[in-house]
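A short write-up of the structure that comes next.
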Amino acid sequence: MPATIINDTIANDNYFTCLDIDNDGYICDYELNELLKEAGCPLPGYKVREIINKLDRNKDNKISFDEFLSVSSVEW
């Protein structure tokens with residue numbers, strides 16, 4: 001595995017861990033909402049849930065690390 005892929009995975013793990021407030025291994029709507037508020041971009045609860053629903057491939061109403069990686073690896 002190339003070093004850049006390993007470094008990117010470690011960086012993404014660090015970002016994910018910071019977002020996962022309760023350390024359960026998932027990012028829920030509450031945690032995403034807190035992130036958005038801290039970033040100065042508060043959204044109504046239904047909008048936060050819409051974001052979760054779009055990212056949540058297995059429809060368990062939370063974002064796993066793998067789902068997070070699929071979003072964080074998109075080139076903007």
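Things worth noting here:
- Length available on full extension from Ile21 to Glu50: 0.36 nm per residue minus the Cα-Cα distance, which gives 8.5 nm.
- Whole-percent carbon and sulfur share, accessible surface of the stretch 27-71, 1.4 Å: 56 percent
- Accessible area ranking (1.4 Å probe, heavy atoms, ligands and nucleic acids excluded), largest first, for Lys37, Lys47, Lys54, Lys59: Lys54, Lys59, Lys37, Lys47.
- Cα-based values for the stretch 27-71, radius of gyration first and Dmax second, are 10.1, 29 Å.
- Estimated inter-spin distance, Asn58 and Asp13, nm [label 7 Å along Cα→Cβ]: 1.9 nm
- Accessible area in square angstrom per residue, the stretch 27-71, 1.4 angstrom probe: 64 Å²
- Sum of side-chain charges, Val71 neighbourhood, beta-carbon under 11 Å (Lys, Arg +1; Asp, Glu -1): -1
The values are calculated or read from the model by the stated rules, or taken from the named source; none is laboratory data. Predicted, not measured: the structure shown is a model, and the values here were computed from it. Every residue, glycine as well, gets a Cβ built from its backbone with ideal geometry; the counts of neighbours run over all protein chains shown. Heads up: the accessible areas ignore ligands, DNA and RNA and are worked out on the full protein's heavy atoms, side chains in. Shrake-Rupley method; radii C 1.70, N 1.55, O 1.52, S 1.80 Å.
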